[in-house]
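Single-structure report; data block below.
Each value in this text was obtained by applying a stated rule to the coordinates, not by laboratory testing. Since this is a predicted model, take the numbers as computed values, not measurements. No Cβ is skipped: glycine too gets one built from the backbone with ideal geometry, and neighbour counts run over all protein chains shown.
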Amino acid sequence: MSRKSQVTMLMVVGLVLFIVISLVLYLSKSYVKKQSQQNIKKTQESSMELLPIKEFVSKCLDKLGKDAIVLLGRQGGYIYSSQGGTLVDYQETDEGLFFVKYNNLDVAYNILPPKFAVPPYSSEIPDYPWQAFPYKTAASNAESFKGFFGISNMPPLNNSEGPNSMQSQIESFIDSNIQSCVNSEIFEKQGMNIEMQPPKTSVIIGSGSIAISTKMPISIINRNANEFAELNDFSSTLSIGLKDSYYFVKELVESDIQDIKFDIGDPKNEKEGRRIKLVKDVFSKDDIVIVTDENALLYGKSFEYIFARRNRAPALYYIR
């Protein structure tokens, strides 16, 4: 065999040995890593204490649920997208069109004037609310004070009833803020690495309570104990009668837009611990209505539902 052939043979043998050794090292490391991961998982399933973390997340759900209800109550039933809600943010120049500034918040109109003429009704003076008002017809002597005097802009209570419902807004608010509420630095200082995946929250609004359920995969590694854990499901229940408060306000709004003689600020409308305050002419001739429900407590205070009411054209019958 020539010298050149010997050199070539040695190079081939060396290359083969290099590949074999590299493969053995790779497989050894992979096996050790796999065994290590299995050992970590096995340890965490039997001994890792998860209760403090789970309780911490549940407390965040409780807080964010309450914060969402307080906020939508102060803004006419809406939470804006910049706050974590579903309603588009308005411009400052939109005041008087979609909202009124009150307590430094954009309070949405829940009562608006009629936009279209639906015979026999009219949305424009001098025919507002209809030509023969208060008589049903020009040839009639029977008076009628009920009809079509405005539009309700209250949000639906539940998702099944339409967009921007209170249910969907609470869910959106929690999903948008839960990861910032769960401050992982607290647990990292205790030797834990925490990784959170995007959450998905479901809310059920009952008569006397609100049930909150959130799916949010959380991976936890305890560096000190060489333990690993995963959490997925979290829940909290708020003891507040938002549903009852909602329907009380809805009844007020519907009475205001259907009965021209209805006085929304009349103390006679108050019942069962629910008080009404009318703040007149907050913006131009538009009013703010504040409903305080002493039956529904949040952070030790009565729940408030605040909304704006647009001024409507007067019926000439009342100003002649």
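Here are the numbers:
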item	result
Linear extension gain, S302 paired with K250, 0.36 nm per residue minus alpha-carbon span	16.9 nm
Length added when fully stretched, D281-K215, from 0.36 nm per residue minus Cα-Cα	19.2 nm
Segments 287-295, 195-203 sorted - mean Cβ within 10 Å per residue, highest first	287-295, 195-203
Residue-count net charge about D89 - beta-carbon cut-off 15 Å; Lys, Arg +1, Asp, Glu -1	-3
Within-13-Å neighbourhood charge of K215 [Cβ basis; K, R +1; D, E -1]	-3
Burial ranking of peptide ranges 100-107, 238-245 (average Cβ count within 10 Å, highest at the top)	238-245, 100-107
Sites E55 and I19 - FRET efficiency at Förster radius 51 Å, r taken between beta-carbons, to 0.05	0.40
S184, S284 arranged by Cβ crowding within 10 Å, fewest neighbours leading	S284, S184
